[in-house]
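Everything on this sheet refers to the single structure shown next.
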Amino acid sequence: MRRSRTAAPVFSCHVRTDRPSGYLAQLCVHPSQMHVRPRPGLHHDGKATRRTEHADSSDTGGTIDVGWGRCTLQAGPQSSILRAAVTDQDSLQHLQHLMTARPQKIGESDALQVI
């Protein structure tokens, strides 16, 4: 008897910028700092905070592993590509929010576009 496999929920977006490597590094720094100093309590969206297990980056790529999901980031010539795979739909919505809101916040002065 074969079990049917359910694919993990996935999200992908592009961030248009003329400094993709710089923003990629910033996107990976924030979660890695959260790992060093986890804050108990509630996140701004009212949900319990979720600890980052691992985050790293190079000039061309990065990963953010939160245990219940993983983001991969890739810097291209004029944009960064952000992809997330998670364990369930609720986690996908949480990570999707972070992947769109965080780049816009750190790139306010450059008017970053997340598409």
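The values are calculated or read from the model by the stated rules, or taken from the named source; none is laboratory data. Given the structure is predicted, the values throughout are model-derived calculations rather than measurements. Note that each Cβ is placed from the backbone with ideal geometry, even for glycine, and that neighbours are counted across all protein chains shown. Side chains included, ligands, DNA and RNA excluded: accessible areas come from the protein's heavy atoms. Shrake-Rupley method; radii C 1.70, N 1.55, O 1.52, S 1.80 Å.
Summary of computed values
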{"read-out": "Surrounding net charge for Cys71, when Lys and Arg each add one and Asp and Glu each subtract one, Cβ distance under 11 Å", "value": "+2"}
{"read-out": "Nonlocal amide H pairs with Thr17, under 5 Å, H built at 1.01 Å", "value": "Ser79, Ser80"}
{"read-out": "In Å², nearest 10: area of Glu53 left accessible to a 1.4 Å probe", "value": "110 Å²"}
{"read-out": "Probe 1.4 Å - accessible area at Ile115, Å² to nearest ten", "value": "100 Å²"}
